[in-house]
Amino acid sequence: MNYIYRAIGSKTIPFSGLKLLHFDSHPDLGIPDVDCSEILRDPQQLMKKVSIENWITPMIYAGHIDHVIWMHPTWSRQLLNRKPTCYSIGEDLCTKRLVVGIPESYFYNDGVFCMEEDISSPVKFGLTVAPIHETNTLCRVCTDIICVLLNQSFILDIDLDTFSTQNPFSTKFTEEQFEIIDRLYTPPPPLTLCLSPKDLEDPAVILAHGMSCAHVLNAARKRQLARLSQWVSCWERGEMPSSENFLLFPCELVDFARLILSLTDQNFGPVVLQAVRKTLDCAKKQIALNKNPPLISLASDDKAIQDALSKLTNEMNTNPTASPPEDQKFSEDKNSSVLSDYTSFIPMKRRSSSPCDAHTDSKSKLRLSESPVMTNCDECPSETENQRQSTNCSVYSMEVDGDSCNRIDLNENRSLKVILTKLETSSTTYRLSNGEDNPNVQLDDDPSISNEQNDQSLSFMHYMWSGCADQKNNPLPHYVSNSSEQNELREQMEGLLNRLHNPCMITIARSAYDGYTPSHQVSNIQLGLLQMLDRVYGRNLLSVTLDYEKCEVSKKFGLKCVNDFKS
């Protein structure tokens, strides 16, 4: 993001109307936990809060990018394939946070889906999702992509984990720990639609039901994460959750406390651990007292919670021995049942946060060490044409041409233009230019933006757990490919790029330090990619900025290292 912002500020690339051609094993379309006003007024602060999985959507909301084309390898299935489709992004009328109107689990399982009528000043944008495949003149997918990019300025964004990727969470926790994480953090299950055969043939009916289901599941997920977040906040203050949590969720509290105490390699501090141990003891006592526990979950709505509390209160009045222990009542959170104001700790399911990454504070999530180049994964290209058509009709709102989405009025963003210009003039990254039409290649090796390590905090673990739950049914992409498969992907990518005009900028992320690209394959994948770009665009057209410690690859490839940043 910082390279793109600087290029915009220097007027090297357009301020608005950009298209993004994104090659990655992950979509990177998560929603950061920021105020919408911050996106338009304080890009420097924004760059501190976004991370590798959520840098694209703020640029869409700011009006810089109006269409995203996500090209993914066949092993990536986080979003459904679709031809160019129009969606809305904007400010939630209730929370004032950024939300998006795409009814898919990738979004509503993070609690960031919103119906368009509940979005303030929605910004329209296009989204195309397709697998990387062999290019031919009869391919409808290739034709759609070419039509979207025809005579348009676009950024070519490539993540090296496109060619080979791994799930860094798979070895982070034990099997028993994953079982507890799944019990606490697995999103609510999808809703089953009971539609007549006639309704199943009507795309409008299916779309309406899909949007309604997404709305319900999104609200349930936010309630679930809000309650878990409240417990985390209490423990970090050295306090126990309120009494009503022990009455309603004693088993969940026991699981959560055991999970935290099992992480012997984490240094949470004596105050936190004391509060967790005390919570565990009180929750065990409450389980012994609860003869008929209420049939509720962490995602239950307020009415179900109040009904359960009323029932338990009546039982305690008739049976005083069922009251919670006195030592459990010392910390009552006045807002424990008020979930409507929940805004923080929203997880980003895209690829979640890598356990290898650095971050500064829990509110700003992670400041990941990776460059602003990323992508996501989707369905396999082997699906039949009929399956593709039924998928597109049943889930998404409408098809659009590449330029038909609304754009923010440039006058409204005049102040943002000024800020980006100042950002560019103060930048320490310089561009080697061989002409106005030269694509600008930015190569990043994921240096840590901040050395402040806070990964021992419960807030960080909460954020991580929310993204890595339910790995058996909804895993992150994991496929370590061989050199032959990587060559095939490069050839397919080269075939598509040869049919397009030159991009205005090329960004490449190595994803080495965060654990998504296998470390033993990074150098070979990078070298092969640079050689492919040389064949497509020619060495005279490329200007390369290397943003990592060593530049052996550039020396081997005959490229000049413009600037060497030290991590």
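The values are calculated or read from the model by the stated rules, or taken from the named source; none is laboratory data. Quick caveat: nothing in here was measured; it's all calculated off a predicted structure. Because the Cβ atoms are built from the backbone with ideal geometry, glycine has one as well, and the counts that use them run over all protein chains shown.
Worth a mention:
- Being without any contact (Cβ under 8 Å) to a residue 40 or more places away in the chain, outside any loop (DSSP other than H, G, I, E, B) and touching a Pro at 6+ places or on another chain (Cβ under 9 Å) is a property that does not hold for I69.
- Flag if K198 is out of contact with any Asp or Glu (no Cβ under 9 Å at 6 or more places or on another chain), surrounded by fewer than 18 Cβ atoms within 10 Å (Cβ to Cβ) and part of a helix (DSSP H, G or I): yes
- Residue ID - surrounded by the most Cβ atoms within 10 Å (Cβ to Cβ), chosen from residues in the range 131-149 that are in a loop (DSSP other than H, G, I, E, B) and not hydroxyl-bearing (S, T, Y): I132
- Qualifying residue in the range 3-20 (condition: out of contact with any helix residue (DSSP H, G or I) (no Cβ under 9 Å at 6 or more places or on another chain), under 24 Å from N218 (Cα atoms) and outside any helix (DSSP H, G or I)): no
Matching residues to (1) among the aromatic types (F, W, Y); (2) surrounded by 24 or more Cβ atoms within 10 Å (Cβ to Cβ); (3) under 26 Å from S153 (Cβ atoms); (4) assigned by TED's automatic domain parsing to the domain that holds E491:
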residue: F15; (1), (2), (3), (4): yes, no, yes, yes
residue: P27; (1), (2), (3), (4): no, yes, yes, yes
residue: G30; (1), (2), (3), (4): no, yes, yes, yes
residue: D35; (1), (2), (3), (4): no, no, no, yes
residue: Q45; (1), (2), (3), (4): no, no, no, yes
residue: H67; (1), (2), (3), (4): no, yes, yes, yes
residue: N81; (1), (2), (3), (4): no, no, yes, yes
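- Tally, over the range 67-115, of residues that are of a type in the set (A, V, I, L, M) and over 15 Å from the mean Cα position of the chain (by Cα): 5
- Yes/no for V271 being part of a helix (DSSP H, G or I), surrounded by fewer than 17 Cβ atoms within 10 Å (Cβ to Cβ) and either in the same structural domain as E315 (by TED's automatic domain parsing) or under 34 Å from the mean Cα position of the chain (by Cα) (or both): yes
A quick yes/no check of all residues on (1) assigned to a strand (DSSP E or B); (2) surrounded by 18 or more Cβ atoms within 10 Å (Cβ to Cβ); (3) of a type outside the set (G, A, S):
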residue: P84; (1), (2), (3): yes, yes, yes
residue: Y87; (1), (2), (3): yes, yes, yes
residue: I102; (1), (2), (3): no, yes, yes
residue: D110; (1), (2), (3): no, yes, yes
residue: S120; (1), (2), (3): yes, no, no
residue: V129; (1), (2), (3): yes, yes, yes
residue: N151; (1), (2), (3): no, no, yes
residue: D157; (1), (2), (3): yes, yes, yes
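- In the range 31-50, residue farthest from H501 (Cα to Cα) [restricted to those that are touching a Ser or Thr at 6+ places or on another chain (Cβ under 7 Å) and either at pLDDT 95 or above or not basic (K, R) (or both)]: D33
- Among the numbered conditions (1) touching a Pro at 6+ places or on another chain (Cβ under 6 Å); (2) among the aromatic types (F, W, Y); (3) surrounded by fewer than 24 Cβ atoms within 10 Å (Cβ to Cβ), the only one that W55 does not meet is (3).
- Per-region count, the range 133-173, residues among the hydroxyl-bearing types (S, T, Y), over 23 Å from S481 (Cβ atoms) and touching a residue at least 24 places away in the same chain (Cβ under 8 Å): 1
- Residues in the range 21-30 that are part of a loop (DSSP other than H, G, I, E, B) and of a type in the set (A, V, I, L, M, F, W, C): L29 only.
- Pairs are defined by a Cβ separation below 6 Å, a sequence spacing of at least 6 or placement on different chains, a first member in the range 5-21 that is closer than 17 Å to F125 by Cα, and a second member that is part of a helix (DSSP H, G or I) and at pLDDT 95 or above; the pairs so defined are K19/L149.
- Hey, R227 surrounded by fewer than 20 Cβ atoms within 10 Å (Cβ to Cβ) and among the basic types (K, R) or not: no
- Helices (runs of 4 or more DSSP H) (entirely within the range 452-538) containing at least 1 residues that are under 30 Å from N136 (Cα atoms): 483-497, 522-537
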